[in-house]
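What follows is a set of notes on a single structure, which appears directly below.
The values are calculated or read from the model by the stated rules, or taken from the named source; none is laboratory data. Note that this is a predicted model, so its numbers are computed, not measured. Ideal geometry is used to build each Cβ from the backbone, glycine not excepted, and the neighbour counts take in all protein chains shown. To get the accessible areas, we keep the full protein, side chains included, count just its heavy atoms, and leave off ligands, DNA and RNA. Shrake-Rupley method; radii C 1.70, N 1.55, O 1.52, S 1.80 Å.
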Amino acid sequence: MNPVCTYAGSLLTSCFYILIMHKLMKAFFPRPSENPLRFAAWTVYYILQTVSVLGISISPPAMLFLNMALVLMISSISYDAGMKRRCIFSALVCAVWMLMEITTDIILRLIGMDGWELQTAGTVISLMLMFLLAIIVGY
């Protein structure tokens, strides 16, 4: 596949990750804070998502831990809510997202997909399902 398309796709996919997480946070946390560090925290989260989409090898447990830690950091900086609520949100969102990706992967493997098609279709389908979930939770 064309490297330009790969990089452009990974940058756009990472933006979609950010959009979904932002929608979920707005649904769970009513009051945003005006902390100027929130932009730096979102940028770090974007970079992590871009690195993972590009295929740079990070073990799944380490990626889950990094995601949970960054979501907790972002929610702490960007929203006024209790620590318990932010911790539960971080664990819940990351666990649901991971389960969505695993379920999508299993279903696509049962259909007979593998390789590049499996990775691309799995990413797009799991993102769309999480976006749908974020919209539903928002209501």
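When you scan the stretch 84-104, do you find a residue that is touching a Lys or Arg at 6+ places or on another chain (Cβ under 6 Å) and under 23 Å from Ala40 (Cβ atoms), even just one?
No; the residues of the stretch 84-104 include none that is touching a Lys or Arg at 6+ places or on another chain (Cβ under 6 Å) and under 23 Å from Ala40 (Cβ atoms).
Would you be able to say whether some residue in the stretch 59-74 is part of a loop (DSSP other than H, G, I, E, B) and among the hydrophobic types (A, V, I, L, M, F, W, C)? Please lay out each step first, then the result.
Within the stretch 59-74, the subset part of a loop (DSSP other than H, G, I, E, B) is 59.
Narrowing the set further to residues that are among the hydrophobic types (A, V, I, L, M, F, W, C) leaves none.
No.
Which of the residues belonging to the stretch 101-138 are more than 21 Å from Leu64 (Cβ to Cβ), modelled with pLDDT under 85 and open to solvent by less than 60 Å² (accessible area, probe 1.4 Å)?
Residues satisfying the conditions are Gly115, Thr120, Ala121, Gly138.
Looking only at the stretch 28-58, how many residues end up being in a loop (DSSP other than H, G, I, E, B) and open to solvent by 70 Å² or more (accessible area, probe 1.4 Å)?
7
Against the condition among the small types (Gly, Ala, Ser), open to solvent by 30 Å² or more (accessible area, probe 1.4 Å) and within 22 Å of Leu129 (Cβ to Cβ), how does Ser14 come out, does it pass?
The answer is no for Ser14.
So Ala91 fits all but one of (1) at pLDDT 85 or above; (2) open to solvent by 60 Å² or more (accessible area, probe 1.4 Å); what number is the exception?
(2)
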